[in-house]
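For reference, the structure is listed below as structure tokens.
The values are calculated or read from the model by the stated rules, or taken from the named source; none is laboratory data. Only a predicted model underlies this, so the values are computations on that prediction, with no experimental measurement involved. A quick note on method: Cβ atoms are made from the backbone with ideal geometry, for glycine too, and the neighbour counts reach across all protein chains shown. The area values use the complete protein model at the heavy-atom level, side chains included, leaving out ligands, DNA and RNA. Shrake-Rupley method; radii C 1.70, N 1.55, O 1.52, S 1.80 Å.
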Amino acid sequence: MTFLQFVGDNTSVLRFGWSRRSGGNPSLFEPRELLHAYENRPTREVRESGELLIEIPLSDASILEITVPDPSADWIDSRVRGLCSSLGNIDRRAQRVLRGGFSIGWIELESEQEGIIDYWENGVNNEYPIAIKWNGKAWEEAPTT
């Protein structure tokens, strides 16, 4: 059981990427929109540290930052596409647990099977990392021990 499952699993209903709970505001992580942005407008840069930085522009003019330690890994594209499909569900659950007020600071895909989504509290210097794992079809929150 994951931490987010323990706290509660009350999934909101989405229609065309708009959450009825959010008053009809579009979701930043709607799978089709995020995948389209990744396919058409990303930037890629290998940092001095040797890691790959992928920046995906979001509909609110912010940037989703994804880092990968090995820029030559052959799994990067498939796992980032999987992340585009999974991130909306992961984020909705995290926002319920964190009671809003947090946004994704960055995502690190440590390997083709594991990663971390680091949430930052808005206006405060607090972080809340969530471990994720690849289940063979999509990314999901990793169980806590």
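Listing for the model above:
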quantity	calculated
Residue satisfying all of: in segment 117-145; open to solvent by 40 Å² or more (accessible area, probe 1.4 Å) and within 14 Å of the chain's Cα centre (by Cα); nearest to Glu55 (Cα to Cα) among these	Trp120
Residue identified as at pLDDT 95 or above and touching a Leu at 6+ places or on another chain (Cβ under 9 Å) among Ser111, Ser86, Ser72	Ser72
Qualifying residue in segment 19-35 (condition: open to solvent by less than 50 Å² (accessible area, probe 1.4 Å), at pLDDT below 90, touching a helix residue (DSSP H, G or I) at 6+ places or on another chain (Cβ under 8 Å) and assigned to a strand (DSSP E or B))	yes
Test: Glu45 is over 27 Å from Thr144 (Cα atoms) and open to solvent by 30 Å² or more (accessible area, probe 1.4 Å)	yes
Any chance Arg96 is assigned to a helix (DSSP H, G or I), of a type in the set (Lys, Arg) and closer than 23 Å to Glu39 by Cβ	no
